[in-house]
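Below: the structure, in structure tokens.
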Amino acid sequence: MEKIINQGDKDTRSGFGEGLTELGRSNDNVVALCADLTGSLKMNVFAEENPERFFQTGIAEANMIGLAAGLATGGKIPFTGTFANFSTGRVYDQIRQSVAYSNKNVKICASHAGITLGEDGATHQILEDIGLMKMLPGMTVINTCDFNQTKSATIEISNFDGPVYLRFGRPKVANFTNSSEKFKIGKGLMLKEGNDVTIVATGHLVWEAIKASEKLAENGINAEIINIHTIKPLDEDIILKSVSKTGCLVSAEEHNIYGGLGESISRLLVTKLPSPQEFVGTKDTFGESGPPSELMNKYGLNSSSIFNSAVNVLKRK
Amino acid sequence: MDGDLNKLVTQVRRDILRMVHAVNSGHPGGSLGCVEFFVTLYKKVLKVDISSDLNDMFILSNGHISPVYYSTLARSGYFKVEELDSFRKIDSRLQGHPTNHDNLPGINISSGSLGQGVSVGLGIALSKKLNNDDSLVYVLTGDGELQEGQNWEAFMFAAAKKVDNIIVTVDYNGQQIDGSTKDVLDIGDLKSKFESFGWKVLEMENGNSLDEVYSTLCLAKEKSKKGKPIVILMKTVMGNGVDFMMHTHEWHGKAPNDEQLEIALNQNPETLGDY
């Protein structure tokens, strides 16, 4: 496989903004709602180009989710935008009843997910949202890894009929996926083949996994890297196929190890292919204020943590 | 016509009582208090043409009064009256609280967890504006339910964005599970609250009068599409039509026993045929 190259750092939320802008131009049924974070969510262009299809709800997320459920009832494809914390925990019951149980075609788009929100601290850094959303019956859960993937995911979910949680982040990170690749919901991506250990990563941890694999290679360990952007439904085949070859797995995510991607994978493995697994994620803790990169290091959400977990899991084979 | 409506009111009351009695659960009090509203809305007000997408739409926010909703829908032809017998039983589309999850005709959204229906109704109203659809959205909400903060987010939004194709009715019966609304958490002067939020307020003194429900809903329609959302404060008597269930919160969420059912049904003799 070709070496994976960073095309230049960009924030995933700008990928969402560009995707939404394209949808505004191509699909009259797409509407957008935002709870006073239009700039942060990069929804300005959509709002300027489609004032009649953009709804500023003010700081009132519960109402925003209800409005979206109603707009979907009226045949629209609503995209809601706010921080991940206010997109999920704050409005869990509204999503549960008015969106998920009611099977409404609402796209809940959540920026500033995880600890890389940075200086605002733990009140704003949700590390539980994947768990909250994946527990809802019928909810599709997507966590994109870079600008290109976030843009293509934003466009693709408009073609999918059903509730979706789309999770992305704040900081500028490596942009390395192929911009021309069509996003396929529920399909994992093989980024690098290897025989010794499977590393499954989502979101901002995918680039860290790529960096870890380079260091592992220097140490004679050939890691297979899989990017899982859709946490639910999980691409079980790509994971089982890989682990049947490597015999062990490391999961990596910017999320609590309780309730995240790693737990979904461990349920899969324990029922289909029992294998050693190590978890890279936050260890049942809240975050704190600080620069994103320093927080990633402090909480073990980086390439060296993935490297160490790979070395450890290999010993358990 | 009104003779027929009176018959239907009596039959819907019987349906409510028999449904909750059969499963010894459910909410007869609020259901009985809103029979005249539902019958009037579905038989005389809502414009629904099954060949068109451009129809009036109704959202029930206080989902616990599902018995009156189900009975009215069944007796308006949305599904067979016999299906009322499945209320709250296993494998039923008539869940304890209404849902579209199981494709029950006439239900557009799930409700039960309170305070969400006005937001949903506003979203539908916005979609109707985008679709150049002249029809209206009707929402019914409880009065105790207004203690939920989401309602006030929605009320603020509706006035600020001039969503004027929605008519919200508050079932103003003054009761909730724990007691009178005044005692539990006084919701205060609703009229001035709504007016200060920028809503056009209509007051209905007797929400258990078919004539008054009809005339107020007609007035609300006339006042719609004039830049302001409309709310009707509809005073009703919880448990209306069954003497021992009236003017108390006792029957909010309690089913009658065999003896009580017999007394209640004797006060409401069969008119259109029990399910």
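The values are calculated or read from the model by the stated rules, or taken from the named source; none is laboratory data. Since this is a predicted model, take the numbers as computed values, not measurements. Glycine gets a Cβ as well: all are built from the backbone with ideal geometry, and neighbour counts include every protein chain shown.
Which one is surrounded by the fewest Cβ atoms within 10 Å (Cβ to Cβ) among residues in region B:146-160 that are within 7 Å of chain A (Cβ to nearest Cβ) and within 20 Å of the chain's Cα centre (by Cα)? Checking each candidate, the answer is B:GLN150. Per this entry, A:THR116 is counted among residues that are closer than 25 Å to A:TYR258 by Cβ and either at pLDDT below 95 or buried (at least 19 other Cβ atoms within 10 Å of the Cβ) (or both).
Scanning region A:270-279 for residues that are more than 21 Å from the chain's Cα centre (by Cα) and surrounded by 19 or more Cβ atoms within 10 Å (Cβ to Cβ) gives a single hit, A:SER275.
Here is a check on your reading of the model: is B:GLU250 of a type in the set (D, E, K, R) and within 16 Å of B:VAL170 (Cα to Cα)?
Judged against the criteria, B:GLU250 is not a match.
When B:PRO98, B:PRO67, B:PRO105 are checked against the criterion of being closer than 19 Å to A:VAL99 by Cα and either among the acidic types (Asp, Glu) or crowded, with 24+ Cβ neighbours inside 10 Å (or both), a single residue qualifies: B:PRO98. Among the residues making up region A:28-45, those that are under 27 Å from A:ARG96 (Cα atoms) and touching a Ser or Thr at 6+ places or on another chain (Cβ under 7 Å) are A:VAL30, A:LEU33, A:CYS34, A:ALA35, A:LEU37, A:SER40, A:LEU41, A:LYS42.
In the set A:GLU214, A:GLU193, which member is surrounded by fewer than 24 Cβ atoms within 10 Å (Cβ to Cβ) and free of Cβ contacts under 8 Å to residues at least 40 places away in the same chain? Even if it seems obvious, please write down each step before you answer.
Numbers: A:GLU193 fails: free of Cβ contacts under 8 Å to residues at least 40 places away in the same chain.
Answer to the selection: A:GLU214.
Residue-level analysis places A:ILE108 outside the set of residues that are of a type in the set (Val, Ile, Thr) and in a loop (DSSP other than H, G, I, E, B). Being part of a loop (DSSP other than H, G, I, E, B) and among the β-branched types (Val, Ile, Thr) is a property that B:VAL163 has.
Conditions tested, residue by residue: (1) in contact with a His (Cβ under 7 Å, 6 or more places away or on another chain); (2) among the hydroxyl-bearing types (Ser, Thr, Tyr).
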{"residue": "B:GLY96", "(1), (2)": "no, no"}
{"residue": "B:ILE107", "(1), (2)": "no, no"}
{"residue": "B:GLY112", "(1), (2)": "yes, no"}
{"residue": "B:GLY121", "(1), (2)": "no, no"}
{"residue": "B:ILE124", "(1), (2)": "no, no"}
{"residue": "B:ASP134", "(1), (2)": "no, no"}
{"residue": "B:THR141", "(1), (2)": "no, yes"}
{"residue": "B:ASN151", "(1), (2)": "no, no"}
{"residue": "B:MET156", "(1), (2)": "no, no"}
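Among the residues here, B:ILE109 qualifies as more than 21 Å from B:GLY33 (Cα to Cα), in a loop (DSSP other than H, G, I, E, B) and facing chain A (nearest Cβ under 8 Å). For region B:1-63, list the helices (runs of 4 or more DSSP H) that sit wholly inside it and hold at least 1 residues that are in contact (Cβ under 8 Å) with a residue 24 or more places away in the chain and over 22 Å from B:VAL237 (Cα atoms); which are they? So the answer is B:2-23. Here B:SER71 meets each of (1) under 18 Å from B:ASP274 (Cα atoms); (2) under 13 Å from the mean Cα position of the chain (by Cα); (3) in a loop (DSSP other than H, G, I, E, B) with one exception, condition (3). Within region A:169-184, the residues that satisfy the criterion of being closer than 29 Å to A:GLY118 by Cα and surrounded by fewer than 17 Cβ atoms within 10 Å (Cβ to Cβ) are A:LYS172, A:ASN178, A:SER179.
Condition (residue is touching a residue at least 24 places away in the same chain (Cβ under 8 Å), in contact with a helix residue (DSSP H, G or I) (Cβ under 6 Å, 6 or more places away or on another chain), more than 10 Å from chain B (Cβ to nearest Cβ) and of a type in the set (Phe, Trp, Tyr)) applied to region A:44-55: is it met by at least one residue? Yes, region A:44-55 contains a residue that is touching a residue at least 24 places away in the same chain (Cβ under 8 Å), in contact with a helix residue (DSSP H, G or I) (Cβ under 6 Å, 6 or more places away or on another chain), more than 10 Å from chain B (Cβ to nearest Cβ) and of a type in the set (Phe, Trp, Tyr). If you go through region A:61-75 and keep only what is at the interface with chain B (Cβ under 7 Å from one of its Cβ atoms) and touching a strand residue (DSSP E or B) at 6+ places or on another chain (Cβ under 9 Å), you end up with A:LEU67, A:ALA68, A:ALA69, A:GLY70, A:LEU71, A:THR73, A:GLY74. Taking region A:273-315 as the range and being assigned to a loop (DSSP other than H, G, I, E, B) and hydrophobic (A, V, I, L, M, F, W, C) as the test, the residues that pass are A:LEU273, A:PHE286, A:LEU301. Among the residues making up region A:280-290, those that are crowded, with 21+ Cβ neighbours inside 10 Å and out of contact with any His (no Cβ under 8 Å at 6 or more places or on another chain) are A:VAL280, A:GLY287. Counting the residues of region B:231-247 that are surrounded by 15 or more Cβ atoms within 10 Å (Cβ to Cβ), more than 30 Å from B:LEU122 (Cβ to Cβ) and either touching a helix residue (DSSP H, G or I) at 6+ places or on another chain (Cβ under 8 Å) or of a type in the set (Gly, Ala, Ser) (or both) gives 4. Of all the residues in region B:54-69, those that are within 22 Å of B:GLN176 (Cβ to Cβ) and away from every other protein chain (no Cβ under 12 Å) number 8.
Considering only region B:113-137, state which residues are part of a loop (DSSP other than H, G, I, E, B) and either more than 7 Å from every other protein chain (Cβ to nearest Cβ) or in contact (Cβ under 8 Å) with a residue 60 or more places away in the chain (or both). Don't jump to the end; show me each part of the working.
Taking region B:113-137 first, the residues part of a loop (DSSP other than H, G, I, E, B) are B:113-116, B:131-136.
Hits for region B:113-137 are B:LEU114, B:GLY115, B:ASN131, B:ASN132, B:ASP133, B:ASP134, B:SER135, B:LEU136.
Taking A:HIS112, is it more than 12 Å from every other protein chain (Cβ to nearest Cβ) and under 21 Å from A:THR154 (Cβ atoms)? Criteria met by A:HIS112.
Would a scan of region B:85-99 turn up a residue that is part of a helix (DSSP H, G or I) and more than 12 Å from chain A (Cβ to nearest Cβ)?
For region B:85-99, residues part of a helix (DSSP H, G or I) and more than 12 Å from chain A (Cβ to nearest Cβ): present.
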